[in-house]
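Since the structure comes first, as structure tokens, the remarks are kept for the end.
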Amino acid sequence: MFNPEYLPEVLLHRDKQLDSIAVNLRPAIKGGAPMHTVCVGPPATGKTSCVRIILNKLQDFDVKSVYIRCPIYRTEYNIVSRIYEVSCGRLAPQKGVPIPSMLSEISNSLEDPIVVVLDDINFLDIATADSLLYNFCKIHEEFAIKLGLICISTEVKFVGTLEMAGAVFHPDEIYFPLYDENEIRDILQWRVERGFYPGAMSNDAFDRIVELTAKHGDLRFGLYILKMAGISAERRASRKVEVEDVENVYKGGLKVFVAKSISALNSDERIRTKERF
């Protein structure tokens, strides 16, 4: 419930973004090519969660999708290999097989549209991202694959950094702003109601968590404090989380949270995170 990877059944304050993603992918339900989409915004603003929710709904219509975390796959060959495995239902060939050959086999295996999600695409070097997106945008012409891209990036000007792909990649850009304090309150309250017993969180403690989360502009930090403050109360053999638990976690856990967060970011994001904390 307090894990940043947890996907809630209700995603508050992102209706506009959810609707936009759904509209862009709707053609796939009828056998058409989905519209390319770029979801951009600061970390912890709901980009990945929104996309995952829509992908789950696409399963009801038997629309095939591939979710790829770019920091893990890194190269164009690895990314195409992952699409190959999902499309063809078998392991990709060993390195050395030309990418066009794999794309041709993917084409022969696909009868319906496919959605490819490239999460954290800004972790790829510019040349790799440029080549990858260019080839994917040309894939329908060469291999008759109805492929729709969803790129998720914390770099707002990501599309503007593309060179070769810039001439053919014209996505719908969906912006995810930081949550304001009222939105943070709603989201954290939703988690508290489902993650704690009724009355286990004092009002003062919750208000302080909301204040600290808004101060640092990172919803993940609020989830971290909720979780650790609950553990702190348990260690005191208390049935209620109090302000002292929140302050103890904040005092002792800020550096731990920042260190863990920074280790998962690229160089530009590390600088911005350090500035916020």
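Normalised by residue number, the volume inside the convex hull of the Cα atoms of the chain is 140 Å³ per residue.
Once the Cα atoms are used to define both axes, helix 99-109 deviates from the longest principal axis of the chain by about 90 degrees.
Springs between Cα atoms under 10 Å define the GNM used for the chain, and in it the highest mean-square fluctuation of E141, E85, E76 occurs at E141. The distance linking the range 147-190 with the range 1-80 is 11 Å (Cα centroid to Cα centroid, whole angstrom). Share of pairwise Cα-Cα distances greater than 20 Å in the range 64-130 is 26 percent (whole percent). Based on C-alpha pairs under 8 angstrom that are at least 6 apart in sequence, the chain has a relative contact order of 22 percent. Going by the alpha-carbon gyration tensor, a ≥ b ≥ c the square roots of its eigenvalues, is the range 15-175 rounded (a/c under 1.5) or, if a/c is not under 1.5, prolate (a/b greater than b/c) versus oblate? Oblate shape, in that a/c is at least 1.5 and b/c is the bigger or equal ratio. The overall shape of the range 18-96, judged from the alpha-carbon gyration tensor, is oblate: a/c is not under 1.5, and a/b is no greater than b/c.
Listed values for the range 20-36 are Karplus-derived 3J(HN,Hα) couplings in whole Hz (6.51 cos²θ - 1.76 cosθ + 1.60, θ = phi - 60°), namely 5, 5, 4, 4, 5, 9, 4, x, 5, 5, 9, x, x, 7, x, 7, 5, and x replaces Gly and Pro.
Relative to the longest principal axis of the Cα atoms of the chain, the long axis of helix 76-88 makes an angle of roughly 80 degrees. For the range 1-154, averaging the sequence separation of C-alpha pairs within contact (under 8 Å, six or more residues apart) and dividing by the residue count gives a relative contact order of 30 percent. Taking a Cβ cut-off of under 9 Å around R236, the surrounding Lys, Arg, Asp and Glu residues balance to a net charge of -3, with basic ones at +1 and acidic ones at -1. Axis angle, to the nearest 10 degrees, between helix 126-143 and the longest C-alpha principal axis of the chain: 50 degrees.
Taken together, the values in this text are just the output of simple stated rules run on the coordinates, not laboratory data. From a predicted model like this one, the values you see are computed outputs, not experimental measurements. In this analysis, Cβ positions are derived from the backbone assuming ideal geometry, glycine residues included, and neighbour counts consider all displayed protein chains.
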